[in-house]
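A short worksheet on the structure shown next.
The values are calculated or read from the model by the stated rules, or taken from the named source; none is laboratory data. Note that the coordinates shown come from a computational prediction; the quantities given were computed from them, not determined experimentally. Cβ placement follows ideal geometry from the backbone for every residue including glycine, while neighbour counts extend to all protein chains displayed.
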Amino acid sequence: MIRRASLVLVGALMGATAMSVVYSAGMPAVAAGSSTYKELSIFGDVFERVRAQYVTPPQEDKLIENAINGMLTSLDPHSSYMNAKDAEDMRSQTKGEFGGLGIEVTMEDEMVKVITPIDDTPAARAGVLAGDYISEIDGQPVRGLKLEDAVEKMRGAVNTPIKLKLLRKGADKPIELTIVRDIIPVRAVKWRVENDVGYLRIISFSEKTYDDLVKGIDGIKKQVPADKLKGYVLDLRLNPGGLLDQAINVSDAFLERGEVVSTRGRNPDETRRFNASPGDLSDGKPVIVLINGGSASASEIVAGALQDMHRATVLGTRSFGKGSVQTMIPLGENGMLRLTTALYYTPSGKSIQGTGIQPDIKVDQPLPAELQGKLTSEGESSLPGHIKGQSETEEGSGSSAYVPPEPKDDIQLNYALDLLRGVKTDPAFPPMPDKAEVTK
């Protein structure tokens, strides 16, 4: 049933597990003007001066790498250069497992900021929280390091310890943790049965996601007879993104027809459209999609597609708002170039860049007292140098990114369950399929 799209990653943030890429041979460059080559000659002069006269002999390869990254990071937060080792690490991450601590991170205020700890990983078990700032790694200050360097320091051999110093809003003093590294097998989809409702939580969009989703739906169908199954909750909260082909396939799993997403580049002829094929794995059962401020990129594609096609009701709070696509251009033995080349659009033609997905039913998840003021509500629109979206406003994107560990405390989940069981009602549920917007 599912049409396999080309391999594309659209992760929300650069970090230990979430990176934004599209594999491509790249487009031929247009010749630069004479003034550009003059500026490049200035760069060459500066490089030679530094190489020959700096007080200590610099690492020439690092000089070049840092210069390239300086150029790319001046464009937007998601364009960057990866050397050969980083490129290989990225490839392994898309397979759904990697070595390390199990945290998704970005750089903010010259410190590593934790976006979210991954479930059932050393970091999560040690008590690392979303919104924590890592100020020291093994006693070395993070300030002054590039994000790639900080991430590299946190990686290492399995069963080796690492010491982190965390700054947590509201904490009286820094928190010091010793965490033992481990292989991080990322289970892409977790599922369970909530009496008469199937619950599917997509943790990441790796190569395993669609297959894990199929297994989850099959497992739910075996446990609950079709006439008893009220529907499905598709939980995309705290999901930072991943492979675009997996986002398309997950959307297609619930759709019979219509556009899933389009990507539009600098030139009109670069527009690509991805459409659903016949066949609904959920057999037309009602679907509620849960999102929050930790739902980004690939997860926003799924939420936007099912919302626009009136296949599902989206419940929760505004999503992160990362609507750009990065092309990963191989540079042979020199690594890869990650370059923002397009924005993606939902079936109705809306760009979510800097705005995010607005839920059909807004349901806040209150923070427990001990976390009050410790979790950020900032999204893509708050990132320095981000590409401003066509519909971006001062309100910006993002919202609280918290999911309670116990289902009984999960107000958003329980609201969705009550809707599916008919305990609660809302005009937005169920959506009206005959009003689905189809882009032609």
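Structure notes:
The rows are residues; the columns are (1) of a type in the set (A, V, I, L, M); (2) touching a residue at least 40 places away in the same chain (Cβ under 8 Å); (3) within 21 Å of Gly389 (Cα to Cα); (4) surrounded by fewer than 24 Cβ atoms within 10 Å (Cβ to Cβ).
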residue: Gly219; (1), (2), (3), (4): no, no, no, yes
residue: Lys222; (1), (2), (3), (4): no, no, no, yes
residue: Pro225; (1), (2), (3), (4): no, no, no, yes
residue: Gly241; (1), (2), (3), (4): no, yes, yes, no
residue: Leu244; (1), (2), (3), (4): yes, yes, yes, no
residue: Ile248; (1), (2), (3), (4): yes, yes, no, no
residue: Phe254; (1), (2), (3), (4): no, yes, no, no
residue: Val260; (1), (2), (3), (4): yes, yes, yes, no
residue: Thr271; (1), (2), (3), (4): no, no, yes, yes
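- Scanning region 364-388 for residues that are at pLDDT below 85 and either closer than 18 Å to Thr263 by Cα or not β-branched (Val, Ile, Thr) (or both) turns up Pro368, Ala369, Glu370, Leu371, Gln372, Gly373, Lys374, Leu375, Ser377, Glu378.
- Checking each residue in region 162-182 for being surrounded by 12 or more Cβ atoms within 10 Å (Cβ to Cβ) and in a strand (DSSP E or B) picks out Ile162, Lys163, Leu164, Lys165, Leu166, Leu167, Ile175, Leu177, Ile179, Val180, Asp182.
- If you go through region 373-396 and pick out every residue that is in contact with a helix residue (DSSP H, G or I) (Cβ under 9 Å, 6 or more places away or on another chain) and under 30 Å from Glu194 (Cβ atoms), you end up with 1.
- Selection of first residues in region 386-399 that are in the same structural domain as Gly293 (by TED's automatic domain parsing) and of second residues that are among the aromatic types (Phe, Trp, Tyr) and buried (at least 21 other Cβ atoms within 10 Å of the Cβ), restricted to Cβ pairs under 9 Å at least 6 apart or on distinct chains, gives the following pairs, ordered by first then second residue: Ser397/Phe320; Gly398/Phe320; Ser399/Phe320.
- Here region 188-211 is the region considered, the condition is being among the charged types (D, E, K, R), in contact with a Phe, Trp or Tyr (Cβ under 9 Å, 6 or more places away or on another chain) and surrounded by fewer than 21 Cβ atoms within 10 Å (Cβ to Cβ), and the residue that is nearest to Asp418 (Cα to Cα) is Arg192.
- Filtered by the rule that a residue be closer than 19 Å to Val158 by Cβ, modelled with pLDDT of 90 or more and either among the β-branched types (Val, Ile, Thr) or part of a helix (DSSP H, G or I) (or both), region 97-126 gives Pro122, Ala123, Ala124, Arg125, Ala126.
- Condition check for Val302: in a strand (DSSP E or B), under 16 Å from Tyr344 (Cα atoms) and among the β-branched types (Val, Ile, Thr): no
- Only one of Asp269, Asp283 that is in the same structural domain as Gly323 (by TED's automatic domain parsing), out of contact with any Phe, Trp or Tyr (no Cβ under 9 Å at 6 or more places or on another chain) and not in a loop (DSSP other than H, G, I, E, B): Asp269
- A Cβ distance below 9 Å, combined with a sequence gap of six or more or placement on separate chains, defines the contacts here; from region 40-59, residues that are more than 22 Å from Met71 (Cα to Cα) reach residues that are at pLDDT below 95 in the pairs Pro57/Arg51.
- Looking only at region 69-84, residues that are of a type outside the set (Ser, Thr, Tyr), surrounded by fewer than 15 Cβ atoms within 10 Å (Cβ to Cβ) and touching a residue at least 24 places away in the same chain (Cβ under 8 Å) come to 2 in all.
- Conditions (1) within 23 Å of the chain's Cα centre (by Cα); (2) on the phi < 0 side of the Ramachandran plot; (3) outside any helix (DSSP H, G or I); number of the one not met by Asp245: (3)
- Checking Ala87 against (1) touching a strand residue (DSSP E or B) at 6+ places or on another chain (Cβ under 6 Å); (2) part of a helix (DSSP H, G or I); (3) modelled with pLDDT of 90 or more, the condition it does not meet: (3)
- Residue satisfying all of: in region 310-332; closer than 14 Å to Pro359 by Cα and of a type in the set (A, V, I, L, M, F, W, C); surrounded by the fewest Cβ atoms within 10 Å (Cβ to Cβ) among these: Leu315
- Set Ile361, Ile357, Ile352: member being within 16 Å of the chain's Cα centre (by Cα) and at pLDDT 95 or above: Ile357
- Scanning region 227-239 for residues that are part of a loop (DSSP other than H, G, I, E, B) and crowded, with 24+ Cβ neighbours inside 10 Å returns Leu236, Arg237, Leu238, Asn239.
- Hits in region 320-375 - residues which are more than 28 Å from Val114 (Cβ to Cβ) and of a type in the set (A, V, I, L, M): Ile329, Leu331, Ala342, Ile361
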